[in-house]
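The values are calculated or read from the model by the stated rules, or taken from the named source; none is laboratory data. Just so it is clear, the model here is predicted, and its values are computed rather than measured. A quick note on method: Cβ atoms are made from the backbone with ideal geometry, for glycine too, and the neighbour counts reach across all protein chains shown. What goes into the accessible areas is simple: the full protein's heavy atoms, side chains included, and nothing from ligands, DNA or RNA. Shrake-Rupley method; radii C 1.70, N 1.55, O 1.52, S 1.80 Å.
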Number of protein chains: 4
Amino acid sequence: MSPDHIQLLVTGGTFDKEYNELTGELFFKSTHLPDMLHLGRCRLDITIETLMMIDSLEMTAADRQLILDRCRQSPARRIVITHGTDSMEDTAAVLGQGIVDKTIVLTGAMVPYQFGSSDGMFNLGTALAFVQSLPSGVYVAMNGRCFPWRSVRKNRELGVFESVVDGVNPNTG
Amino acid sequence: MSPDHIQLLVTGGTFDKEYNELTGELFFKSTHLPDMLHLGRCRLDITIETLMMIDSLEMTAADRQLILDRCRQSPARRIVITHGTDSMEDTAAVLGQGIVDKTIVLTGAMVPYQFGSSDGMFNLGTALAFVQSLPSGVYVAMNGRCFPWRSVRKNRELGVFESVVDGVNPNTG
Amino acid sequence: MSPDHIQLLVTGGTFDKEYNELTGELFFKSTHLPDMLHLGRCRLDITIETLMMIDSLEMTAADRQLILDRCRQSPARRIVITHGTDSMEDTAAVLGQGIVDKTIVLTGAMVPYQFGSSDGMFNLGTALAFVQSLPSGVYVAMNGRCFPWRSVRKNRELGVFESVVDGVNPNTG
Amino acid sequence: MSPDHIQLLVTGGTFDKEYNELTGELFFKSTHLPDMLHLGRCRLDITIETLMMIDSLEMTAADRQLILDRCRQSPARRIVITHGTDSMEDTAAVLGQGIVDKTIVLTGAMVPYQFGSSDGMFNLGTALAFVQSLPSGVYVAMNGRCFPWRSVRKNRELGVFESVVDGVNPNTG
């Protein structure tokens, strides 16, 4: 295995939601990550594995333990995880407390790829770049920025990620 | 000005080409970079400046000198340049020989953004991530990868960028 | 008013649903019909009026009476109505029993226009063509076909519209 | 063969142009019409045949004779032809002078389908509706309108089709 090898773990999230035209509801079928890498003309050495396909609001402690175990077992030193945005910071905290010798970047999307999401392709690009260039640690890549796991929070009113210091936003709190 | 400030210099290239439905030809109007950053939900502190809107096959030594001058004059320590892919390595070489104290990343696209290009959003994401995380130097970000200016070449047969050592591809040459 | 004048009445339906990226739910904001006519390079003499923005499963008898009244009052002899697909045949029946001297075509979409729906543009094209070329009557235009109001049914399993004779599908019943 | 059977003849035109990302030029590969009918959820009984894949500026008298012959030979009484817009009126005239017992509708697009063309789907919808509902004759369907072959002209300045009487626009000439 090349030292440049990147493991891409799929957990679902808005990234991979689809529209069921018979019911008018959103659902998961299979991941679009291979299509996205193809359209991005990506030439990195990437292995994709789907761990689960769920909304991150429904992610349990057992699901997070599974993600942690899979990150530890992976031979790759660089790992990108696609994840729903609503509890991305929680999974990042579990990984940050459990792994110190790998570079792990979580990313997601605000709009499903199937709906012409432009933020999905953009975020995937940032995540793959950060995972190649940052030292060991667990990070969240959203909105063009990269946050260490200890200092990130999703602002649900604005739908953006922002920095916090010990759980407090230095700008507002 | 924030130390995180990023200067985005636009020079044209496939990124910004449009289809003229009266003539059936491709042409340049104005840059789509602001739209692309908006759709990517990008929250970085970025200033966009359009230096020129040309096909990189038509770029002259004077054009490259203008780009070099503008990079030097910019107060930003981190600069992303959108550029046609056909002579991206040449402009990178001019900048690499002329600037040592800034991080500069050139990127482009294989398909115009207006034609539903997915590689444009992906490449823009990688360029903005690499420019934040890499040390001073001049780089080309394409295909998910980042190449130092001395060791990059566009493979015109495949339409991808690849590593070269002193102008020789270590895999093929 | 030109005799070629077409009235376009908007009632909502999948056509105009949008994705709320803060909640992950579908909702109505405003109609995309003007954008769609613009992208279709449509040069017909059309007036657009939004009567309501609702899911057709929630459409009441009072809503249908409002649509009927508005069709009667309109000076236009040719009317297209955008409508959710789930109860399109019911509204068509109310109009068919109440109006005999106008050409009225109902149409809709299986996928929201915002999600890159191709059937919305296609269906809108067929509806505007049928309304110009068919004699007085009330019709449903879906799947490239045009059904008189007395002989149409949505097949919910397949998500397509089909012909029925007195409520019975001649192929299956 | 069903009396509702529609023959779709493909001749190329902007409809089917693609972007060659290696050369930056537009070219023809294969037709997108099957994809377009699929995305439009079209349920008509249609047979697609590709006669040629050319820019209509390059269409010769021999090409037009081939189209005429194929229309005559087809068992279908209803025929849609996709065609470049620049000489659509010329082919329509050849067909109009040569065939009187079929309904033939020519249509095209101002923007390639591959570039996210919305007018292609819209125009295809109008053409398929007009061909089902109009009496025998040869027509051009563009801009939501349907023009008999004797009274149509492409306005190259505006990129739209307009009515002419004996070659004179009644509005401007």
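Compute the distance in nm between two label points, each set 7 Å from the Cα along the Cα-to-Cβ direction, one at D:HIS38 and one at C:LEU22.
With each label point 7 Å from Cα toward Cβ, the separation is 3.9 nm.
Between C:ARG70 and D:LYS29, what is the label-to-label distance in nm when each label sits 7 Å out along the Cα-to-Cβ direction?
My value for the distance between the label points is 4.3 nm.
Quick one: if the Förster radius is 41 Å, what FRET efficiency do A:ALA93 and B:SER163 give, using the C-beta to C-beta distance and rounding to 0.05? Mind showing how you got there, number by number?
Details: r = 37 Å, r/R0 = 0.90.
That gives a FRET efficiency of 0.65.
Is the shape of chain A rounded, prolate or oblate, going by the alpha carbon gyration tensor and its root eigenvalues a ≥ b ≥ c, with a/c under 1.5 for rounded and a/b larger than b/c for prolate?
Taking the square roots of the gyration eigenvalues as a ≥ b ≥ c, chain A is rounded.
Computing the accessible area with a 1.4 Å probe over protein heavy atoms, can you report the carbon and sulfur percentage for the protein assembly as shown? Can you show the working numbers first?
Working: 13250 of 27520 Å².
C and S fraction of accessible area: 48 percent.
Hey, if you put +1 on the Cβ of every Lys and Arg and -1 on every Asp and Glu Cβ in chain D, which of D:ILE54, D:LEU9, D:ALA76 ends up farthest toward the positive end of that dipole?
Result: D:ALA76.
With the Cα gyration tensor of segment B:1-82 giving a ≥ b ≥ c as the square roots of its eigenvalues, does the rule (a/c under 1.5 for rounded; else a/b larger than b/c for prolate; else oblate) give rounded, prolate or oblate?
Numbers: a/c = 3.66, a/b = 1.34, b/c = 2.73.
Oblate, since a/c reaches 1.5 and b/c is not below a/b.
Under a point-charge model restricted to the Cβ atoms of Lys and Arg (+1) and Asp and Glu (-1), what is the dipole moment magnitude of segment A:1-79 relative to its Cα centre, in debye to the nearest 20?
Values: 9 positive and 12 negative charges, 94 e Å.
The dipole magnitude comes to about 460 debye.
List for segment C:25-56: residues with 50 Å² or greater reduction in accessible area, all protein chains versus chain alone, probe 1.4 Å?
Residues shielded by partner chains are C:ARG41, C:ARG43.
Calculate for chain A the 222 nm mean residue ellipticity that helices alone would give, adding -39,500 (n - 2.57) per DSSP H run of length 4 or more and normalising by residue count, nearest 500 deg cm²/dmol.
Counting only the DSSP helices, I get -8500 deg cm²/dmol.
Hey, got the dipole for chain A? About the Cα centre, +1 on K and R Cβ, -1 on D and E Cβ, debye to the nearest 20?
Working: 15 positive and 20 negative charges, 117 e Å.
The calculation lands at about 560 debye.
Give me the distance in nm between label points sitting 7 Å out from Cα along the Cα-to-Cβ direction at D:ASN155 and D:ALA61, one decimal.
Placing both labels 7 Å beyond Cα along the Cβ direction yields 3.2 nm.
Hand me the trypsin sites (Lys or Arg not before Pro) from segment A:47-156 located in a DSSP loop with no more than 13 other Cβ atoms within 10 Å, in residue order please.
Loop-located and lightly packed - A:ARG156.
Considering only DSSP beta bridges where both residues belong to the protein assembly as shown, give the percentage that are antiparallel (nearest 5).
Of all bridge pairs located within the protein assembly as shown, approximately 40 percent are antiparallel.
Heavy atoms of the protein only, probe of 1.4 Å, neighbouring chains included. What is the accessible area of A:ASP63 in Å², nearest 10?
For A:ASP63, solvent-accessible area is about 40 Å².
Leaving out same-chain residues fewer than 8 places away, which lysines sit with a Cα under 20 Å from that of C:LYS29?
Leaving aside lysines fewer than 8 places away in the same chain, those within reach of C:LYS29 are C:LYS17.
Check D:VAL164: other-chain or 5+ apart residues with amide H under 5 Å from its amide H, H built from backbone geometry?
D:VAL152, D:ARG153
Can you list, shortest first and in nm, the gaps between the label point of C:GLU157 and those of its counterparts in the other copies, using a point 7 Å from Cα in the C-beta direction?
With the label placed 7 Å along Cα→Cβ, C:GLU157 yields 5.1, 5.4, 5.9 nm.
For the rotation taking B to C, I'd like to know which residue in chain B has the C-beta closest to the axis, plus that distance in Å.
That would be B:GLY116, 5.
Please give the per residue accessible area of the protein assembly as shown, computed with a probe of 1.4 Å over protein heavy atoms only, in Å².
About 40 Å² of surface per residue is accessible.
Over chain C, what is the relative contact order in percent, taking alpha-carbon pairs closer than 8 angstrom and at least six residues apart?
22 percent
Please give the Cα centre distance for segment D:7-44 versus segment C:138-160, rounded to the nearest Å.
Value for the Cα centre distance between the two parts: 27 Å.
Counting only protein heavy atoms and rolling a 1.4 Å probe, how much accessible area do B and A lose on contact, total for both sides, in Å² to 100?
By this definition, chains B and A bury close to 2300 Å².
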